[in-house]
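Each reported figure results from applying straightforward, stated rules to the coordinates on display, with no laboratory input. These figures come from a predicted structure and were not determined experimentally. When we count neighbours, we look across all protein chains shown, and the Cβ atoms used for this are built from the backbone with ideal geometry, even at glycine.
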Amino acid sequence: MRSLGGLGRPSLIAALVFAALACVLFVIGALRSRRDLTRAGTRSLTAASGFTIVSASALVNALFAHDFSIEYVANYSSESLSRGYTLAALWGGMEGSLLFWTMLLTTFSAVAVRRSRRANPRLTAWAGAILAGVGIFFLVLLVAPADPFTRLAPVPGDGRGLNPLLQSPGMMIHPPLLYSGFVGFSIPFAFALAALITGRLDEGWFTSTRRWTLFAWSSLSVGIVLGGAWAYTELGWGGYWAWDPVENASFMPWLTATAFLHSVVIQEKRRMLKIWNVTLILLTYVLAVFGTFLTRSGILSSIHTFTEGPIGKWFLPFLGVMLIGGLGVIAVRADKLKSENRFDSLMSRESAFLANNVLFLAAAFTVLWGTLYPIIAEAVTGTRLSVGPPFFNAVFIPIALAILALTGLGPLISWRRMSPGAMGRVIRVPLIVGTVVIVALALAGIGSAGALIAFGLCAFTATAVGSEFARGSKIHRRRGATGLASALARTLTRNRRRYGGYVIHLGVVLIVIGLAGGAFRTERHALLEPGESMRLGAYTVTYTDLRRSETPEKEVNEAVLDLRRGGELVAVMRPQRNFHVAQQQPQSEVSIRTNPVEDVYAVVTSFDPDGAAAIRAFINPLTWWIWAGAIVMLGGIVIVMAGEPVGARSAVRRTVPRPVAVAE
Amino acid sequence: MAQPLETATSPKRRAKFVVGGALLAVAVPTLIVWALSRPGAASFYVTVSEAKERGVTSQDYRVNGTVVPGSIERDGLVTTFRVTDGETEMAVTTDRPLPDTFKDESEVVVKGDLEGSTFVATEVLAKCPSKFKAKRAA
């Protein structure tokens, strides 16, 4: 069938021309301080954004029109694919996902530049030039080696359809969120570099891009959690995180970005750590692009890797230019990045923030090391090896627990310095609560030392955060807020950034509780004839029936399982093992019974022709809290974002130094 | 890389941060080396021919290969099949769940150790999701 797919490639070429034009106009505009050229550059960038949107729309149109003369459409969609997943096919393959990424990049860039052009013309001109340069790189990839509009002859009658594993609601939103996160960091990155180039190294660059940073960080956070939720509900191995290289690729920029979000607070409050901050945002962006590269280069084997593409070799020089260029301008401007204050004491809020940063960076480094170790080992010794979850758990868990402890400790410590006596007073209650929880759980028979420490630290941190809320609302009650609820609400709304941040910390505590529950997981795998049972912890699982049916897409085989506890029927579970016709591939559908105490998780790993079923079942204690914690985090993010000023005018105001009330 | 310690001015204060930095410079590599020595942390990839040469080890390693068409047999939870690297074939047995993309001619990685001439796999991986690329429809 014909479609508007023919518009795709010409639009990409037009976008490339406009991006190049924008880059030139911005550079000249910046060098000559010509506002008219900067304005023209902004228009060119907007045009480039418009043409990439047209191009992406052309591909979406081709997907919906089932125009199988386009190879991408034939490879990733089919006549029988539902409408939602037909749209998801836009990011289901390498070329389409790159087009989607580029569309986000040019559009975010145009919006960011338009917003801050009047307030900060020179800064914006340089930032625009850098963003246009990044855009040129991705548009060149799309025009040359990763063209999504390559034609296919002869035209097949139907497409191959989308991989059934990707046909899940989580997969509809997980990739766009990750891409928004990755791409979103290009805005603070470009403004940081622009600040270095112009020599305007006060807080202007990050206050005017703070909403982008928060947006990118939030998208990445939610995207990572959704990826875990997808793995949990679709892949059928009972877990949510496997330390796969591509998971790591999204996690590393998240770690450095989290460090960045914290350390900019010190620059705002105390004018310190300026070099550190520009380096962190540079690292975050390089790691984000590196993540895109890892996914597409085929240099590491991962369940996520796209077919070894021709574009991997394009990324390394690009990454090299960004890293060396970035570090180069930092080195040139090092003298201008001097702190205006110094660390007064090891026991101070500043030191706690610094320790937090060091730990986040150590975590990112160890994960990077584990991810790249196979490549390094192969280059040095010639042996090929694989680094598995035991390594990552061993390095990451201790660092993460230290970070958790600091999450509780940091807000209790005052700026500049704190006397040991004052420290003792604020830390006493959280310390007692944490210890009581550890002792109580140990007496209750929990033997895992790691889990005990984790639960104890969760209690410590939750109490510390709680005491901050209590202190805040006490002040508001004294000032006349009547009830506890209205005092709490006032506390939250008067300083959204600080208390929204604490809500995010509480979400993290809940997530850690859920992760620690993983230490107590139970697994059974058994072959059951209809009517047979197996024990699973305190439960009995009985395979009562096999139900078969057919849809145009798949043959459905459903095992009906009775879940009993103490003889009482608590749930009927219906895991499936289906055969997808278009892909000629079986696909398991997991059945999960979830509650705050524990999940019961059942998968059929195979059916025998005589009707016997191989059932794999898990008890995953506390997993529910991971998703609950993520929702609390999202709530905190909304509170923080609602406290941020919108638009360029307020950004100007914020660049004027003022005694900001940030997480004080 | 950036120096977060640039602000320490007095010698005593500087010393504190230098000690802290040095501790960290030792702690992180130590953590990494310790973690790499944990059981299952790192496993070697070998070809089918190399696996046969190595024979029985007491360590897990990973073998890359292609499933020989027609060799898959299931008996309850136990699946046996043969993998090949194009030159040598090796029998594999496992009682672990197999990935959905596991079938004749799929490219697999089996993790485990040889027992006699049979490779006992504790994990079977197949190349998949976004790796999935449709064969060109004729």
(message) Only counting other Cβ atoms within 10 Å, I'd like A:Met633, A:Met347 sorted with the fewest neighbours first.
(response) A:Met347, A:Met633
(request) For the range A:127-193, compute Rh as the Kirkwood radius over C-alpha pairs and then the Stokes-Einstein diffusion coefficient at 25 °C and 0.890 mPa s; write the answer in µm²/s, rounded to an integer. (result) 161
(request) Starting from the alpha-carbon convex hull of the range A:1-163, give the projected area averaged over all orientations, in nm². (result) 9.0
(request) Work out, in µm²/s and without decimals, the Stokes-Einstein translational diffusion coefficient of the range A:475-518 at 4 °C, 1.567 mPa s, Rh from Kirkwood over C-alpha pairs. (result) 109
(request) Report, by chain and number, residues whose modeled amide H sits under 5 Å from the one on A:Gln585, excluding near sequence neighbours (fewer than 5 apart, same chain). (result) A:His580
(request) Consider all pairwise Cα distances in the range A:369-495 and report the whole-number % of them above 16 Å. (result) 73
(request) Using only the Cα atoms of the range A:151-276, each taken as one equal point scatterer with no solvent, compute I(q) by the Debye sum, divide by I(0), and report log10 of the ratio at q = 0.21 Å⁻¹. (result) -1.14
(request) Collect residues whose amide H, placed 1.01 Å from N in the peptide plane, falls under 5 Å from the amide H of A:Arg160; neighbours closer than 5 in sequence don't count. (result) A:Asn75, A:Tyr76, A:Ser77
(message) I need the peptides B:74-80, B:93-99, A:380-386 ranked by packing, meaning the mean over residues of other C-beta atoms within 10 angstrom, with the highest value on top.
(response) B:93-99, B:74-80, A:380-386
(request) Could you list, in their original order, any pairs among A:Lys274/A:Lys336; A:Lys313/B:Lys103; A:Lys269/A:Lys336 whose Cα atoms are separated by more than 20 Å? (result) A:Lys313/B:Lys103
(message) Averaged over its residues, how many other protein chain Cβ atoms are within 10 Å of peptide A:347-353's Cβ atoms?
(response) 1
(message) Just to compare against my own numbers: the Cα pair-distance distribution for the range A:232-271, 5 Å bins, whole % per bin, please.
(response) 6, 19, 16, 15, 12, 11, 9, 7, 4, 2
(message) From the P(r) of chain A, could you give the percentage of C-alpha pairs in the tail past 46 Å?
(response) 24
(message) What is the ratio of the Cα radius of gyration of the range B:45-128 to 2.2 N^0.38 Å, with N the residue count, to two decimals?
(response) 0.96
(message) Can you compute the radius of gyration and Dmax for the range A:521-624, using only the Cα atoms, both in Å?
(response) 13.8, 44
(message) Place a point 7 Å from the Cα of A:Val143 along the Cα-to-Cβ direction; which residues of the range A:120-135 have their backbone N under 14 Å from it?
(response) A:133-135
(message) Please give the charge dipole size of the range A:1-163, origin at the Cα centre, charges +1 on K and R Cβ atoms and -1 on D and E Cβ atoms. Round to the nearest 20 debye.
(response) 1100
(message) Please compute, for peptide A:386-393, the average count of beta-carbon atoms on other protein chains lying within 10 Å of each residue's beta-carbon.
(response) 6
(request) Rounded to the nearest 0.05, what FRET efficiency do A:Ser57 and B:Leu24 give with R0 = 56 Å and r taken as the Cβ-Cβ distance? Could you check? (result) 0.65
(message) Show me the three semi-axes of the equivalent ellipsoid for the range A:1-81, from the C-alpha gyration tensor (sqrt of 5 times each eigenvalue), largest first, rounded to whole Å.
(response) 36, 9, 8
(message) For the range A:487-579, place one equal point scatterer on every Cα, skip the solvent, and apply the Debye formula. What is log10 of I(q)/I(0) at q = 0.26 Å⁻¹?
(response) -1.21
